[in-house]
Amino acid sequence: MTDLPLAAEFPQATRDQWMALVEKVLKGADFDRKLVSRTYDGIRIEPLYAKAEGARPRALGAAAGIAPWSVVQRLDHPDPGEANALALADLEGGASGLALVFAGAPAARGFGLAARTAADLERALAGAMLDLVHTRLDAGGMGRGAAALFLALCERRGHDLARLDVDLGLDPIGALAAGGRMSADWGTVARRSADTLAALAARGFGGRAFLADGRPYHEAGASEAQELAAVLATALAYLRALEAHGHGLAAARDAIAFLLVADADEFLTIAKFRALRRLWARVEEACGLAPRPIRLHAETAWRTTTKRDPWVNMLRATVAVFSAGLGGADSVTVTPFTAALGLPDAFARRIARNTQLILIEESNLWRVADPAAGAGGIEALTDELAHRAWALFQAIEGAGGMVEALRAGLVQDRIAKVRAEREAAVARRKDPITGTSEFPDIREAPVTVLQPATPPPPPAGKPLALPAEGSGAAFAAILDAAREGASLADIAAGAPIAGGFTVDPLPSLRAAEPFERLRDASDAHLAATGARPRVFLANLGPIAAFTARATFAKNFFEAGGIEAVTNDGFSSLDALAKACAASGARIACLCSSDEIYAAEAVAAAERLRSLVPAPVLYLAGRPGELEEALKASGVGRFIFVGCDLLGILETAQREAATG
């Protein structure tokens with residue numbers, strides 16, 4: 001018996017038919033206002049998209065070959081011996097790559113591998129078969145020194161550099177954006193970069209030397225198009241620098257890898273990763289190169305990581321990995337769910353790698369090349385992102401390229417405007433943060449993290465005697481010195497500093513930080529007084545009438561660390577006022593339906609003021625026509641969906657903690 005083609009038995013629905021049904025539901029409300037949203041780039045997100053006709057799958061990342069992406073784990077414990085134990089556990093537990101995050105790198109978050117010499121690095125990587133795993137170096141402004149230590153170790157082990165799957169992660173422009181300083185003028189750094197590549201080529205190095213990294217821009221609040229434009233302009237700056245100092249365009253192109261941030265916005269992340277491949281292919285064509293697949297790394301977002309209710313970070317990371325995998329990432333690094341609280345322990349690291357392994361081994365996401373191809377919504381988002389990112393990229397190029405755009409503040413100013421929009425959206429819960437601004441758990445149990453002592457500052461380095469940049473001589477000398485035991489500090493001290501300059505650094509922020517500061521203040525009040533700041537929920541009428549707004553008010557205040565004193569309602573206003581006085585709360589919030597507000601809210605506010613010394617009164621909901629009467633009775637503030645949650649909580653916490 002064959003399957004019946006059931007779909008063919010029904011007429012094809014049309015958009016006009018769908019719109020007719022929508023208009024009935026909207027009852028005259030504005031379609032765009034109710035059903036259309038916009039990204040921070042101004043891209044419309046429609047409620048419905050038609051199939052993208054003529055779209056064909058593209059070769060995306062590891063899946064194009066059909067092979068799973070690399071599961072990369074951060075190696076960021078300061079102690080090389082402890083780092084080694086964690087690395088081996090990761091590799092034995094299913095990880096296929098390591099990201100060596102060195103102390104002092106922006107991504108180290110105050111920790112980082114304190115591998116100051118090749119011997120330290122040998123301890124950290126003892127037992128790790130570097131010829132069988134993918135390795136990515138993450139050293140920020142110390143990238144050249146870290147690369148020298150790593151390559152010295154590989155040569156000592158007898159590895160063939162041509163066969164290693166390595167990304168050295170050299171990104172002086174990204175380090176400038178994040179740290180605000182470049183050690184020399186761009187012309188010197190460009191020559192130094194070309195010298196490094198020449199030395200690598202002479203040794204047969206077959207990996208990627210340079211990285212165009214999107215993290216500094218994403219962590220500063222950039223939109224998707226801004227991150228793409230910055231990454232594209234950075235990669236082009238490296239391409240130009242290498243070509244101008246003696247390297248062929250094809251060789252220069254093959255020396256550059258990319259890193260984008262994957263966050264919990266599924267569709268935009270997929271579209272962003274797909275758009276980058278399209279954008280770089282256009283650059284290659286403009287250079288006269290036949291496009292080749294790029295090496296595209298992904299890392300889950302630091303910006304969306306939270307300290308409070310950190311378990312939710314697992315969900316955000318899962319969506320991010322799913323999106324990066326479908327978008328065609330070659331490798332994915334998951335930020336462990338406790339990273340904002342300290343140095344993640346073995347459990348958090350295991351969850352990070354297993355998040356990926358389940359999606360690879362059980363969900364088999366890697367087995368389909370470009371699964372989003374033909375989906376109307378994602379194809380439309382990819383097109384729009386590519387067009388808007390290209391326009392921003394052209395603006396950066398018009399300013400003289402990425403370095404000059406950073407020096408002029410062009411990149412920082414544009415990102416700052418989007419960051420302000422994001423902060424306003426978070427403050428009003430237009431962008432809710434589950435577990436922090438939405439559904440907070442004020443009594444959450446602490447989670448375990450490693451808290452190693454802060455390592456002492458490294459000793460000052462002894463400058464190396466380096467030959468002039470050119471033909472690989474300088475980097476060859478650095479590599480030789482690393483092999484002989486020179487430290488990162490020695491190598492950094494030997495770098496030329498003439499013409500060094502500074503720019504305004506991009507901040508590294510997490511969206512949840514303003515709410516976390518309020519929760520920290522609440523914890524401090526609890527430790528000092530034995531109780532948290534409190535709000536009494538003055539519930540009016542039957543349970544069915546007040547439950548919805550009482551629940552809203554509880555979540556609202558506890559997002560700021562203000563404990564809600566709940567109840568099942570009261571038989572009289574006197575009983576309500578006496579319970580409020582007995583609770584010890586300095587603020588109270590009226591909660592009920594609009595109908596009961598009309599009948600009882602004013603009287604309840606007056607009764608509360610008569611029995612409770614100097615109460616601060618709130619009301620859950622919009623006041624409507626009762627506003628003047630409520631204010632006259634003592635209700636000072638109103639809380640509702642879309643109000644300035646953060647601003648109100650900052651004031652309410654001070655009021656609740658008074659006395």
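Sorting 18-27, 518-527 by average packing, meaning the other beta carbons within 10 Å per residue, from highest down gives 518-527, 18-27. Exposure proxy shown here: for 129, 314, 182, the number of other Cβ atoms within 10 Å sets the order, fewest to most, as 129, 314, 182. Once you order the gyration tensor axes a ≥ b ≥ c over the Cα atoms, which shape class does the range 102-226 get: rounded for a/c under 1.5, otherwise prolate or oblate by comparing a/b with b/c? Note, shape of the range 102-226 comes out prolate. Rounded, prolate or oblate, given the Cα gyration tensor of the range 504-591, with a/c below 1.5 counting as rounded? Here the range 504-591 falls in the oblate category. Comparing Cα centroids, the range 221-297 and the range 10-45 end up 35 angstrom apart.
In the range 513-657, the C-alpha radius of gyration followed by the widest Cα-Cα span (Dmax) gives 14.2, 43 angstrom. For the pair the range 508-526 and the range 390-429, the centres of their Cα atoms are 27 angstrom apart.
Structure note, pairs 554/631; 272/554; 272/430; 51/430; 307/430: Cα-Cα distances above 26 angstrom occur for 272/554; 51/430.
Estimated purely from DSSP H runs of n ≥ 4, each contributing -39500 (n - 2.57), the mean residue ellipticity at 222 nm for the chain is -14000 deg cm²/dmol once divided by its residues. Of the residues 648, 617, 528, the one whose Cα sits farthest towards the positive end of the charge dipole of the range 513-657 is 528 (charges of +1 on Lys and Arg Cβ, -1 on Asp and Glu Cβ, taken about the Cα centre).
Contact order for the chain, expressed relative to its length and based on alpha carbon pairs under 8 Å spaced 6+ residues apart, stands at 15 percent. Here's the list of aspartates and glutamates a cross-link from residue 34 could span, going by alpha-carbon distance under 16 Å and ignoring same-chain residues fewer than 8 apart: 23, 46. When the chain is described by a simple charge dipole with +1 on each Lys and Arg Cβ and -1 on each Asp and Glu Cβ, the residue from 149, 260, 190 located farthest towards its positive end is 190. Name the shape class, rounded, prolate or oblate, that the alpha-carbon gyration tensor gives for the range 62-451, where a ≥ b ≥ c are the square roots of its eigenvalues, rounded holds for a/c under 1.5, and otherwise prolate holds if a/b is larger than b/c and oblate otherwise. Rounded, because the longest to shortest axis ratio a/c is under 1.5. Scalar couplings 3J(HN,Hα) for the range 204-221, obtained by applying the Karplus form with A = 6.51, B = -1.76, C = 1.60 to θ = phi - 60°, are x, 4, x, x, 9, 8, 10, 9, 9, 9, x, 4, x, 7, 4, 5, 7, x Hz; x denotes Gly and Pro.
Taking log10 I(q)/I(0) by the Debye sum over Cα atoms at q = 0.07 Å⁻¹ as calculated from this structure, the corresponding entry among (i) -0.62; (ii) -0.47; (iii) -0.54 is (iii). Under conditions of 20 °C and 1.002 mPa s, the range 92-158 yields 175 µm² s⁻¹ as its translational diffusion coefficient, taking Rh as the Kirkwood radius over Cα pairs in the Stokes-Einstein equation.
Read-outs: derived from the displayed coordinates by stated rules, not from any lab. Computed from a predicted model, the values in this text were never measured in an experiment. Note: ideal-geometry Cβ built from the backbone for every residue, glycine included; neighbour counts use all protein chains shown.
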